[in-house]
Amino acid sequence: MANATTTSGRRWGATVAGIVILGVMLFPLYWMINTALQPESGLLEVSPVPHSLDLSGFTSAITEQGGHLLTSLAVALGAVVICLAIAAPAAYGLAQFRLRGSRTIVFGTLITQMVPGIVIANALYSAYVDMGLVNSYFGLMLADASLGIPFAIVLMRSFMVAIPKEVIEAAEADGAGKLRTFVQVVLPMSRNSLITAGLFSFLYAWSDFMFALTLNTTDDVKPVTLGIYQYIGAHVGDWGSVMAASVLSAIPAAVLLVLAQKYIAAGITGGSIK
């Protein structure tokens, strides 16, 4: 009886601690939405709870940041396509073909994730000037894709290693070439890792600020991260509109995470145990 009471007390304690931690983590998000709904209030005058729903901040944010949101969406989707187009064949080759030095290649891929973004951005800028990719959508897509490619290769390789060789050999025995086997057999079997890698690549590109600031010298290609940065300077007294723009920029990532959560869990777990 005493043990049952102790166990129940621990569970309640863990539940309360979990709720407190969750509340602390979600408080910045709540305050961002709360401030966005009080556009007429100064930063120090915001009430803990909005007394009325004033959506004028969102109207202003959509009017002034809507184009930047679409730019971010186009760049992020393009970065996902480039990332998966490079990472999936690379991961398959490292996983299924007996390549010399494959472990070294994977280790080198992991090392590239540790290089600070500002170092890569500065190196890319001079190369982009020579290639004419500065202030271009493709240039920014390519740069943002580079953020996700190492992670995608490592994740998908760990998943593809587990694909039985008998399945691939059976497909090739039925007359499928290596390309067809890869497209019609390997990729469908790697769906969870593909979705996970694509989602993280999207998030990397969606939240990128360094490449957007370094590789664009005009307003031709301006993602929402750069738009909000400049928006703060122009509307430093209108925090409601600034927070409304921040809320709008967080919605696509939140929706994607909710829709793909089961694939993410399966993809990460599958890669971690193989």
Selected residue (criterion: farthest from residue 197 (Cα to Cα)) from residues of the stretch 83-105 that are assigned to a helix (DSSP H, G or I) and in contact with a Gly (Cβ under 9 Å, 6 or more places away or on another chain)
102
Exactly one condition in (1) in a helix (DSSP H, G or I); (2) of a type outside the set (Val, Ile, Thr); (3) free of Cβ contacts under 8 Å to residues at least 40 places away in the same chain is not met by residue 159; state its number.
(3)
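In the stretch 152-163, what residues are β-branched (Val, Ile, Thr) and crowded, with 24+ Cβ neighbours inside 10 Å? Show your work before the answer.
Looking only at the stretch 152-163, we keep the residues that are β-branched (Val, Ile, Thr), and these are 153-154, 161, 163.
Once the filter is applied, which keeps residues that are β-branched (Val, Ile, Thr) and crowded, with 24+ Cβ neighbours inside 10 Å, the stretch 152-163 yields only 153.
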Considering each of 79, 85 in turn, give the residue that is touching a residue at least 24 places away in the same chain (Cβ under 8 Å) and of a type in the set (A, V, I, L, M).
79
Please determine whether any residue of the stretch 58-75 is within 20 Å of residue 208 (Cα to Cα), hydrophobic (A, V, I, L, M, F, W, C), touching a Ser or Thr at 6+ places or on another chain (Cβ under 6 Å) and surrounded by 14 or more Cβ atoms within 10 Å (Cβ to Cβ).
yes
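Given the criteria aromatic (Phe, Trp, Tyr), open to solvent by 40 Å² or more (accessible area, probe 1.4 Å) and either free of Cβ contacts under 8 Å to residues at least 24 places away in the same chain or under 21 Å from residue 63 (Cβ atoms) (or both), does residue 204 qualify? Give the derivation first.
Working: aromatic (Phe, Trp, Tyr): yes; open to solvent by 40 Å² or more (accessible area, probe 1.4 Å): yes; either free of Cβ contacts under 8 Å to residues at least 24 places away in the same chain or under 21 Å from residue 63 (Cβ atoms) (or both): no.
No, not satisfied.
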Single condition residue 153 does not satisfy, out of (1) of a type outside the set (Gly, Ala, Ser); (2) closer than 24 Å to residue 68 by Cα; (3) out of contact with any Pro (no Cβ under 8 Å at 6 or more places or on another chain)
(2)
Go through (1) assigned to a helix (DSSP H, G or I); (2) of a type outside the set (D, E, K, R); (3) touching an Asp or Glu at 6+ places or on another chain (Cβ under 9 Å) for residue 127 and report which single condition fails.
(3)
Is the stretch 37-48 home to any residue that is under 29 Å from the mean Cα position of the chain (by Cα), open to solvent by 20 Å² or more (accessible area, probe 1.4 Å) and under 16 Å from residue 246 (Cβ atoms)?
yes
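Starting from residues that are of a type in the set (D, E, K, R) and farther than 29 Å from residue 115 by Cβ, keep the ones in the stretch 220-263 and report whichever is most open to solvent (accessible area, probe 1.4 Å).
Here is the first cut: in the stretch 220-263, the ones of a type in the set (D, E, K, R) are 220, 222, 238, 262.
After this cut, where a residue has to be farther than 29 Å from residue 115 by Cβ as well, the list is 238, 262.
Working: 238: 44, 262: 134 Å².
The qualifying residue most open to solvent (accessible area, probe 1.4 Å) is 262.
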Looking at 71, 59, which one is among the hydroxyl-bearing types (Ser, Thr, Tyr), under 30 Å from residue 220 (Cα atoms) and touching a residue at least 24 places away in the same chain (Cβ under 8 Å)?
71
Pairs, first β-branched (Val, Ile, Thr) and open to solvent by less than 40 Å² (accessible area, probe 1.4 Å) in the stretch 125-151, second modelled with pLDDT of 90 or more and assigned to a helix (DSSP H, G or I), C-beta under 7 Å, six or more apart:
134/128; 149/83; 149/86; 149/87
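The values are calculated or read from the model by the stated rules, or taken from the named source; none is laboratory data. Keep in mind that what you see is a predicted model, and the values were worked out from it rather than measured. Don't worry about glycine lacking a Cβ; one is built from the backbone with ideal geometry, like all the others, and counts go over all protein chains shown. Accessible surface areas use protein heavy atoms only, side chains included; no ligands, DNA or RNA. Shrake-Rupley method; radii C 1.70, N 1.55, O 1.52, S 1.80 Å.
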